[in-house]
Amino acid sequence: MRRWRIFSDDEGTAPLEFILAGMLLLVPIVYLIVSLGLIQEQSLGVESGARHLARAIATAPDAASARDRADAVADSIVDEYGIDRDELDVAISCRPAGECPRAGATLVVTVTTRAALPLVPPVLQLDRLASVPLSASSAAKVSRLWGQG
């Protein structure tokens, strides 16, 4: 009995197909995982920074110590979460509007930055275009004894 081999010239192509298909699927998946991890890390940093900055400023006894505390918290956030210091923007406002911070006001701190995607070259500002904007806000009540001690 004779067996007909229809695809006799396909012998040995399975490893090549596996490598080719594996690379085509594996490289984008790894890039996606790395990118999402970077974005998640920096979004946690922005959220944590807003919360800790609001708390540090609201519990400070005066403006000078509030500034020192805010600088220490910002430096800690930059070091801990790998955020670019030049991209970090902190906005502070009070409600009701007026001098900020002040006794009895609600302090609102907004922290924004941009998470640059990995492996994007800085040619023609592509790294600026290939980045994800991140922002977080936090509110804290300033002590009624602010500036009295």
Problem set entry | Residue count for segment 13-51, restricted to those that are modelled with pLDDT under 85 and touching a Ser or Thr at 6+ places or on another chain (Cβ under 8 Å) | 0
Seminar exercise, completed: Residue pairs within 6 Å by beta carbon, gap of at least six or interchain, first lying in segment 123-149 and of a type in the set (Ser, Thr, Tyr), second not in a strand (DSSP E or B), listed first then second, are Ser137/Ala50; Ser138/Ala50; Ser138/Arg51; Ser138/Ala54
For this session: Restricting attention to segment 12-66, report how many residues are surrounded by fewer than 10 Cβ atoms within 10 Å (Cβ to Cβ) and not in a helix (DSSP H, G or I).
Result: 1
Exercise. Hey, any hits in segment 85-108 for a residue that's closer than 30 Å to Val30 by Cα, touching a residue at least 12 places away in the same chain (Cβ under 8 Å) and more than 16 Å from the chain's Cα centre (by Cα)?
Worked result: no
Exercise. Picking from Leu53, Leu124, Leu107, Leu145, which residue would you name as being at positive phi and hydrophobic (A, V, I, L, M, F, W, C)?
Worked result: Leu124
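The values are calculated or read from the model by the stated rules, or taken from the named source; none is laboratory data. If you're wondering where the values come from, they're calculated on a predicted model, not measured in any experiment. We place every Cβ from the backbone using ideal geometry, glycine too, and count neighbours over all the protein chains shown.
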